[in-house]
Amino acid sequence: MYFFWKFIFWFGLWISIFIVDYTSPAILHNAPFKLISPIVGILLIVYGLLLNAVAGKTLKKYGHFDIKKGIHKPDKMIDIGIFSCMRHPAMFGSIFFSIGLAMLNAKIITILWAGWVSFFAVYFIMAVEERETIVQFGNRYCEFLKNRKPFCFSLSCLMRGIKALKHHEEQ
């Protein structure tokens, strides 16, 4: 049930971007912005999806004592791979995905709305996700909090996550 509500939360945020985009007028008719914004949007979507994929695979491979089918909350705390440089790579990826969606049509109102959506997402992560994780993992997660930023916009961090997954597959 936990993942259902989490899915509803993120899906609702993404849908709200489409609704705002569909109902808002195109205010800015600046040609360079209309050309650059979709390109930046696609790059953000790709980066967001990569972060989500690497984080999800890392959780699946390293986050459970026993192999499980489907999506389950992790049994073990992970501090390797992409989690060695940030605490919430999947959530960060979801935020990039949301902003990328907003930039595709180059509407200022939608981009501003995506900024607010991202603010609510970060609040959700910090207020709900981290409290649940502290309850689950205790002092070990508190130490993890001290040593990791919530988010890290770094290609080297993403590459560290990919290398950890490749290393796991080779074993």
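The values are calculated or read from the model by the stated rules, or taken from the named source; none is laboratory data. Note that this is a predicted model, so its numbers are computed, not measured. Counting neighbours? That spans all protein chains shown, and the Cβs are built from the backbone with ideal geometry, glycine included.
Kindly indicate the residue of the stretch 118-136 that is touching a Phe, Trp or Tyr at 6+ places or on another chain (Cβ under 8 Å) and touching a residue at least 60 places away in the same chain (Cβ under 8 Å) and also farthest from Asp75 (Cα to Cα) among those meeting that condition.
Out of the qualifying residues, it is Ala121.
Return the residues of the stretch 85-96 that are of a type outside the set (A, V, I, L, M), part of a loop (DSSP other than H, G, I, E, B) and under 12 Å from the mean Cα position of the chain (by Cα); say none if nothing qualifies.
Arg87, His88
Do any residues in the stretch 156-170 that are more than 16 Å from Gly63 (Cα to Cα) and at pLDDT 80 or above have Cβ atoms under 7 Å from those of residues that are of a type in the set (Ser, Thr, Tyr) and in a helix (DSSP H, G or I), where the two are at least six apart or on different chains, and which pairs are they?
Arg160/Ser84
Let's see how each residue does on (1) over 22 Å from Phe11 (Cα atoms); (2) hydrophobic (A, V, I, L, M, F, W, C); (3) more than 17 Å from the chain's Cα centre (by Cα):
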residue	(1), (2), (3)
Asp66	yes, no, yes
Phe83	yes, yes, no
Trp116	no, yes, no
Lys149	yes, no, no
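Only one residue in Leu104, Leu112 is surrounded by 13 or more Cβ atoms within 10 Å (Cβ to Cβ), touching a residue at least 40 places away in the same chain (Cβ under 8 Å) and among the aliphatic types (A, V, I, L, M), so which one is that?
Working: Leu112 fails: touching a residue at least 40 places away in the same chain (Cβ under 8 Å).
Exactly one residue qualifies, and that residue is Leu104.
Answer yes if at least one residue in the stretch 20-41 is touching a residue at least 60 places away in the same chain (Cβ under 8 Å) and either under 13 Å from the mean Cα position of the chain (by Cα) or on the phi > 0 side of the Ramachandran plot (or both), and no otherwise.
No: zero hits.
Could you check Phe153 against (1) modelled with pLDDT of 85 or more; (2) not in a helix (DSSP H, G or I) and say which number it fails?
With respect to (1) modelled with pLDDT of 85 or more; (2) not in a helix (DSSP H, G or I), Phe153 is out only on (1).
What are the residue pairs meeting all of these: first residue in the stretch 49-66, first residue under 17 Å from Met159 (Cα atoms), second residue buried (at least 16 other Cβ atoms within 10 Å of the Cβ) and modelled with pLDDT under 80, Cβ atoms under 8 Å, and 6 or more apart or on different chains?
Leu59/Pro74
Anything in the stretch 99-115 that is over 15 Å from Ile39 (Cβ atoms) and at pLDDT 85 or above? List them, or say none.
Kept after step one, since they are over 15 Å from Ile39 (Cβ atoms), are these residues of the stretch 99-115: 107-110, 112-115.
Answer for the stretch 99-115, where residues must be over 15 Å from Ile39 (Cβ atoms) and at pLDDT 85 or above: Ile109, Thr110, Leu112, Trp113, Ala114, Gly115.
Restricting to the stretch 97-114, name every residue that is assigned to a helix (DSSP H, G or I), within 21 Å of the chain's Cα centre (by Cα) and of a type in the set (A, V, I, L, M, F, W, C). Working first, answer last.
Residues of the stretch 97-114 assigned to a helix (DSSP H, G or I): 97-103, 108-114.
Okay, now just the ones that are also within 21 Å of the chain's Cα centre (by Cα), so 97-103, 110-114.
Of everything in the stretch 97-114, those that are assigned to a helix (DSSP H, G or I), within 21 Å of the chain's Cα centre (by Cα) and of a type in the set (A, V, I, L, M, F, W, C) turn out to be Phe97, Ile99, Leu101, Ala102, Met103, Ile111, Leu112, Trp113, Ala114.
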